[in-house]
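*Asks:* Let me begin by handing over the structure; questions about it come next.
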């Protein structure tokens with residue numbers, strides 16, 4: 001297949017490129033090549049590459065920053081998706097797009113299904129939901145993949161942050177009232193390959209297996225990184241006073257993916273241990 005990855009230099013996009021390049025004709029374009037907020041720019045880059053599949057891995061992911069940069073956030077996460085969908089729809093090109101657990105409000109207390117009602121509690125989640133709606137409205141050939149708590153080789157992420165802080169600080173405070181599923185971008189990229197090659201369409205939830213709080217995640221990170229002499233204290237979210245509210249429970253049920261592909265994701269503990277061994 002001819003595959004165009006938009007945002008191929010980002011944390012997820014770079015792993016998608018590496019994973020798919022060995023099996024398909026893959027082209028990457030990033031922020032210096034086109035403006036996702038421009039319909040004409042999106043149409044031009046898609047027309048030039050003539051792909052069978054467009055993977056949109058471009059996103060504005062600064063959750064707190066979105067609160068004060070709503071216009072920029074929506075231009076990338078919502079209007080950008082609309083521009084891609086309109087450009088691909090004219091040619092019948094399949095679109096793979098990524099969304100987030102933050103489209104849910106975290107009040108359900110059982111793992112979220114693909115068709116559960118969305119109710120984002122912050123601007124970032126609102127922008128991603130708007131992107132989902134544009135995709136569904138303007139394309140009839142798409143894969144919409146919701147994931148959560150991503151970390152990977154390229155880009156800022158929680159795992160790197162915890163390890164870096166532990167090198168200079170002996171006391172860390174991490175929230176214990178937000179629960180989700182840490183997900184290695186390499187594992188997500190591998191799952192995306194299965195869905196694309198299996199010609200699946202529709203909405204899928206994909207995360208590594210299992211769940212934890214950010215506090216429990218931090219403890220495991222330090223253990224796997226071999227860091228000692230650092231105390232991690234659990235705190236509540238309201239103590240941080242961050243601009244964007246976060247859902248307290250955002251576990252995604254991934255049964256549909258397993259049933260469709262016959263594959264299951266690795267447990268998050270195994271994935272983060274692998275990541276730290278290779279990257280940190």
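The values are calculated or read from the model by the stated rules, or taken from the named source; none is laboratory data. All values derive from a computational prediction rather than experimental measurement. Positions of Cβ are generated from backbone atoms using ideal geometry, with glycine treated the same way; all protein chains shown enter the neighbour counts.
Let's see how each residue does on (1) in contact with a strand residue (DSSP E or B) (Cβ under 8 Å, 6 or more places away or on another chain); (2) under 27 Å from residue 241 (Cβ atoms):
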{"residue": "46", "(1), (2)": "yes, no"}
{"residue": "49", "(1), (2)": "yes, no"}
{"residue": "52", "(1), (2)": "yes, no"}
{"residue": "67", "(1), (2)": "no, yes"}
{"residue": "79", "(1), (2)": "no, no"}
{"residue": "100", "(1), (2)": "yes, yes"}
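*Asks:* Condition first: closer than 18 Å to residue 191 by Cβ and part of a loop (DSSP other than H, G, I, E, B). Now tell me which residues in region 9-54 satisfy that.
*Replies:* 10, 22, 23, 24
*Asks:* Name the single residue that is nearest to residue 242 (Cα to Cα) among those in region 81-98 being in contact with a strand residue (DSSP E or B) (Cβ under 9 Å, 6 or more places away or on another chain) and part of a helix (DSSP H, G or I).
*Replies:* 81
*Asks:* State all residues of region 257-277 that are buried (at least 22 other Cβ atoms within 10 Å of the Cβ) and not in a helix (DSSP H, G or I); if no residue qualifies, say none.
*Replies:* If the condition is that a residue be buried (at least 22 other Cβ atoms within 10 Å of the Cβ) and not in a helix (DSSP H, G or I), then 265 is the only one that fits.
*Asks:* Which ones in region 213-234 are within 24 Å of residue 120 (Cβ to Cβ) and surrounded by fewer than 21 Cβ atoms within 10 Å (Cβ to Cβ)?
*Replies:* Of everything in region 213-234, those that are within 24 Å of residue 120 (Cβ to Cβ) and surrounded by fewer than 21 Cβ atoms within 10 Å (Cβ to Cβ) turn out to be 213, 215.
For every residue, the table says whether it meets (1) modelled with pLDDT under 95; (2) within 19 Å of the chain's Cα centre (by Cα); (3) surrounded by 23 or more Cβ atoms within 10 Å (Cβ to Cβ).
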| position | (1), (2), (3) |
| --- | --- |
| 81 | no, yes, yes |
| 86 | no, no, no |
| 90 | yes, no, no |
| 100 | no, yes, yes |
| 103 | no, yes, yes |
| 125 | no, yes, yes |
| 130 | no, yes, no |
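*Asks:* I'd like the full set of residues that are under 19 Å from residue 195 (Cβ atoms) and touching a residue at least 60 places away in the same chain (Cβ under 8 Å), limited to region 4-13.
*Replies:* 6, 12
*Asks:* Could you grab me the full set of residues in region 55-78 that are part of a helix (DSSP H, G or I) and crowded, with 19+ Cβ neighbours inside 10 Å?
*Replies:* Once the filter is applied, which keeps residues that are part of a helix (DSSP H, G or I) and crowded, with 19+ Cβ neighbours inside 10 Å, region 55-78 yields 63, 66, 73, 74, 76, 77, 78.
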